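Colleague: Take a look at this one; I'll ask things after.
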């Protein structure tokens, strides 16, 4: 069953973009493929640029579109095609994707700006019996 991780970001110690990069980096080190689901093209472009520069000591291979015959380790998109062999989903949208259960893990970020939406997502997963984990940062 899919494991759901909520990362609650409080204060100024962490920025959501930095956490996204950190989660992608950790997944890549674990050789897990990630779908980074964004809200729109603007956020997709922003995170695409950020993943190029997030860590000076390593490279995070990613793309905005899948290439036929090749699965990039990190796919950054707002137009998710749920097909494919990806283990992790980082959901930055206001909706719970209908295809979330095909992933080993789903990551949800909780900030002051999206607290109401995050609570709704939490209730949705909990009502369906998913394993929920909460991390305070």
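Colleague: Among the candidates 33, 42, 22, which residue alone is free of Cβ contacts under 8 Å to residues at least 60 places away in the same chain, over 12 Å from residue 75 (Cβ atoms) and within 12 Å of the chain's Cα centre (by Cα)?
Modeller: On the way: 33 fails: over 12 Å from residue 75 (Cβ atoms); 42 fails: within 12 Å of the chain's Cα centre (by Cα).
After applying the criteria, what remains is 22.
Colleague: Can we say residue 97 is within 19 Å of residue 21 (Cβ to Cβ), surrounded by fewer than 17 Cβ atoms within 10 Å (Cβ to Cβ), within 14 Å of the chain's Cα centre (by Cα) and in contact (Cβ under 8 Å) with a residue 40 or more places away in the chain?
Modeller: In short, no.
Colleague: Do you know which residues across region 1-19 are in a loop (DSSP other than H, G, I, E, B), in contact (Cβ under 8 Å) with a residue 60 or more places away in the chain and within 23 Å of residue 62 (Cα to Cα)?
Modeller: Result: 14, single match.
Colleague: Let me ask you something else. So residue 65 clears everything in (1) over 27 Å from residue 11 (Cβ atoms); (2) surrounded by 14 or more Cβ atoms within 10 Å (Cβ to Cβ) except one condition, right? Which one?
Modeller: Residue 65 satisfies every listed condition except (2).
Just so you know, all these numbers are worked out from the coordinates, no wet-lab data involved. The structure presented is a predicted model; accordingly, all values stated were derived computationally and were not measured. Here the Cβ is made from the backbone with ideal geometry for all residues, glycine too, and neighbour counts use every protein chain on show.
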